[in-house]
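The values are calculated or read from the model by the stated rules, or taken from the named source; none is laboratory data. Just so we're clear, the structure is a prediction, and the values are computed from it rather than from any experiment. Cβ placement follows ideal geometry from the backbone for every residue including glycine, while neighbour counts extend to all protein chains displayed.
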Amino acid sequence: MKDNRLLAAYTGISQASAESINNSTLKKVVYTFIFNEWDWLKPPMKVTPGWRYICFTDEDDPWQPGMPAHTWELHKVKLLESPKRTQGFFKTHGLEIFEGYDTVVSIDGSCHIMGDLNEFTEMYLKRDYALMNHPSRNCTYDEAQVVIQYGKDSEEVVNKQMERYRDEGFPPQSGMVQTGIIARKSQPHLLDFERDWYLEIKKGSQRDQLSWNFTYWYYTKKYKPIEVDYWDQEEIQNEYIAVCPHYRKKQSAS
């Protein structure tokens, strides 16, 4: 970010912490985000030299119990509108926050790094951008119905968003992704694309993957193609990054 004071002002991160993020000779970063007593911060099974490991959190002690508190650098931030929308902010601003890095990988707090990140990106980030296919759906409109069915967001908000997508001409069965793991190369047009994605999250559902395919379709049609690699979860699950179930640390937490 050209002026880290903007990050500090918006997220409540300390000025020193914000400045330290880009004061590094390392050019590869994996980052995660843990908020509101969801998920433990898990120590990587393998630490890859040349990478920074950064966690944004509103917690003082997000570490998995009984595990050593090392490798991950903690950066304390405040919640924005909600925990889920705070995650959405950090997920879509990685290239801006980590300006100057060559490779930026975001993982949800439930994920566990299992293997070598250089091998992972060499194998799965051959183009500019890479993420997972959804394991059971191929349509944003179908995903919207699941979000409503399980009460993941307001029915009114989701239906209004889907109505807008239909009005824009976004076709059904246009693919569906999981956004729990995203690998990116530092490219200016990807920064613009993820800014547009965040605007979709801001004005629509807090479920960020509900707007990714629409944003991709709209951006590549109107502005510039984005070369994307897709993989299936089972390809990397046990070798590189495991996607684990989300865990509620305190059942009484709101």
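Brief remarks on what is shown
- When region 195-213 is filtered for residues that are buried (at least 21 other Cβ atoms within 10 Å of the Cβ), in a helix (DSSP H, G or I) and charged (D, E, K, R), only GLU200 remains.
- Subset tally (residues that are over 28 Å from VAL243 (Cβ atoms) and within 22 Å of the chain's Cα centre (by Cα)) for region 157-191: 1
- Checklist (1) more than 23 Å from SER24 (Cβ to Cβ); (2) touching a helix residue (DSSP H, G or I) at 6+ places or on another chain (Cβ under 6 Å) applied to GLU37, failing item: (2)
- GLN173 at positive phi and modelled with pLDDT of 95 or more: yes
- Whichever residue in region 97-111 is under 16 Å from ALA183 (Cβ atoms) and of a type outside the set (A, V, I, L, M, F, W, C) and, among such residues, is surrounded by the fewest Cβ atoms within 10 Å (Cβ to Cβ): ASP102
- Matching residues in region 129-145 - criterion: being without any contact (Cβ under 8 Å) to a residue 40 or more places away in the chain, polar (S, T, N, Q) and under 17 Å from LYS160 (Cβ atoms): GLN145
- Checked against (1) crowded, with 17+ Cβ neighbours inside 10 Å; (2) within 29 Å of SER14 (Cβ to Cβ); (3) touching a Gly at 6+ places or on another chain (Cβ under 9 Å), HIS134 passes all but a single condition, namely (2).
- Residue in region 87-100 that is of a type in the set (Gly, Ala, Ser), modelled with pLDDT of 90 or more and within 17 Å of the chain's Cα centre (by Cα) present: yes
- Checklist (1) assigned to a strand (DSSP E or B); (2) more than 14 Å from the chain's Cα centre (by Cα); (3) charged (D, E, K, R); (4) crowded, with 20+ Cβ neighbours inside 10 Å applied to ASP229, failing item: (4)
- Looking across region 104-120, the residues that are within 16 Å of the chain's Cα centre (by Cα) and either assigned to a helix (DSSP H, G or I) or among the small types (Gly, Ala, Ser) (or both) come down to SER106, GLY109, SER110.
- Any hit, region 154-166, residues being touching a residue at least 60 places away in the same chain (Cβ under 8 Å) and either part of a helix (DSSP H, G or I) or exposed (fewer than 14 other Cβ atoms within 10 Å of the Cβ) (or both): no
- Residue check for TYR240: modelled with pLDDT of 95 or more, over 19 Å from the mean Cα position of the chain (by Cα) and surrounded by 13 or more Cβ atoms within 10 Å (Cβ to Cβ): no
- Taken over region 168-184, residues that are more than 14 Å from GLU200 (Cβ to Cβ) and outside any loop (DSSP other than H, G, I, E, B) amount to 6.
- Scanning region 63-75 for residues that are surrounded by fewer than 18 Cβ atoms within 10 Å (Cβ to Cβ) and in contact with a helix residue (DSSP H, G or I) (Cβ under 7 Å, 6 or more places away or on another chain) yields nothing.
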